[in-house]
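Enquirer: Take this structure, written in structure tokens, and hold onto it; I'll ask about it next.
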């Protein structure tokens, strides 16, 4: 193993403030989706943007054979469907609920009204969207320049939150297949990486909850 690296907890925050969410909800309607429900499909015309209140969704693309590429798993406090709502073009990806999920949905016209009547809130959404663009750029860079181990470590650290005892908990319930899909690898290779991290007591896993016990090695 090589040197370890500390987790940067200030990198690319993608969530909104409570005041932003409270004002957004005034223009939105609440909708619920059961686990497995397709919320919208790639290529659909946009009918609005969604703020996730509870649960989790997956953002994915698929080819003609039905093979999926997982782009992201999003949870409470995050938005989805914002690109098509902003530019009026068809959806760039599909979204489905992976848990029972509740969202605040805002139509395109209502979203524009929200921005016009809450100009002080516009900068916050710009910051979040900019962070998401930077995040996508980092993902592309990782796929191009990092090996599987480095990509797995980046994904775990990206979704981690610090606990009072100094450990970090990954705030997504990733399966090994989820991780493989997101880092562009096979489940078998990801399983080897995860097993070695568990064996070295760098991480622990309990009911799909991953806890980072100590700083992860930069390389394996």
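Enquirer: Checking residue 88 against (1) free of Cβ contacts under 8 Å to residues at least 60 places away in the same chain; (2) touching a helix residue (DSSP H, G or I) at 6+ places or on another chain (Cβ under 8 Å); (3) surrounded by 18 or more Cβ atoms within 10 Å (Cβ to Cβ), which test does it fail?
Expert: (3)
Enquirer: Quick one: in the stretch 187-196, of everything that is in contact with a helix residue (DSSP H, G or I) (Cβ under 9 Å, 6 or more places away or on another chain) and either exposed (fewer than 14 other Cβ atoms within 10 Å of the Cβ) or free of Cβ contacts under 8 Å to residues at least 40 places away in the same chain (or both), which residue is nearest to residue 70 (Cα to Cα)?
Expert: For the stretch 187-196, the residue satisfying everything is 187.
Enquirer: Moving on to the next point. I'd like to verify a number: residues in the stretch 62-94 that are on the phi > 0 side of the Ramachandran plot and either within 14 Å of the chain's Cα centre (by Cα) or not assigned by TED's automatic domain parsing to the domain that holds residue 112 (or both), how many?
Expert: So the answer is 2.
Residues checked against (1) modelled with pLDDT of 95 or more; (2) outside the structural domain of residue 66 (by TED's automatic domain parsing); (3) in a helix (DSSP H, G or I):
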{"site": "96", "(1), (2), (3)": "yes, no, no"}
{"site": "103", "(1), (2), (3)": "yes, no, no"}
{"site": "127", "(1), (2), (3)": "no, no, yes"}
{"site": "132", "(1), (2), (3)": "no, no, yes"}
{"site": "157", "(1), (2), (3)": "no, yes, yes"}
{"site": "188", "(1), (2), (3)": "yes, yes, yes"}
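Enquirer: Could you figure out which of (1) within 21 Å of residue 155 (Cβ to Cβ); (2) at pLDDT 90 or above isn't true of residue 41?
Expert: (1)
Enquirer: Can you go through 209, 203 and tell me which one is surrounded by 15 or more Cβ atoms within 10 Å (Cβ to Cβ) and either closer than 15 Å to residue 156 by Cα or not assigned by TED's automatic domain parsing to the domain that holds residue 59 (or both)?
Expert: 203
Enquirer: A follow-up question, please. Right, residue 66: free of Cβ contacts under 8 Å to residues at least 40 places away in the same chain and surrounded by fewer than 18 Cβ atoms within 10 Å (Cβ to Cβ) or not?
Expert: So residue 66 fits the description; yes.
Enquirer: Here is a follow-up. Scanning for something within 17 Å of residue 81 (Cα to Cα) and loosely packed, with under 15 Cβ neighbours inside 10 Å, does the stretch 142-151 turn up at least one residue?
Expert: No, the stretch 142-151 contains no residue that is within 17 Å of residue 81 (Cα to Cα) and loosely packed, with under 15 Cβ neighbours inside 10 Å.
Enquirer: Checking residue 111 against (1) exposed (fewer than 13 other Cβ atoms within 10 Å of the Cβ); (2) modelled with pLDDT of 85 or more, only one condition comes out false. Which one?
Expert: So the condition that residue 111 fails would be (1).
Enquirer: Follow-up question, since we're still on this one. Between residues in the stretch 112-123 that are more than 16 Å from residue 21 (Cβ to Cβ) and residues that are surrounded by 14 or more Cβ atoms within 10 Å (Cβ to Cβ), which pairs lie under 7 Å by C-beta distance while being six or more apart or on different chains?
Expert: The qualifying pairs are 113/27.
Enquirer: Shifting gears a bit: For the stretch 54-63, what are the residues that are farther than 20 Å from residue 108 by Cβ and either touching a helix residue (DSSP H, G or I) at 6+ places or on another chain (Cβ under 6 Å) or surrounded by 15 or more Cβ atoms within 10 Å (Cβ to Cβ) (or both)?
Expert: Across the stretch 54-63, the qualifying residues are 55, 56, 58, 60.
Enquirer: Sticking with this one: Filter the stretch 1-32 down to the residues that are assigned to a strand (DSSP E or B) and at pLDDT below 90 and list them by number.
Expert: 4
The values are calculated or read from the model by the stated rules, or taken from the named source; none is laboratory data. Just so it is clear, the model here is predicted, and its values are computed rather than measured. Reconstructed Cβ throughout: ideal geometry from the backbone, glycine too, with neighbour counts over all protein chains shown.
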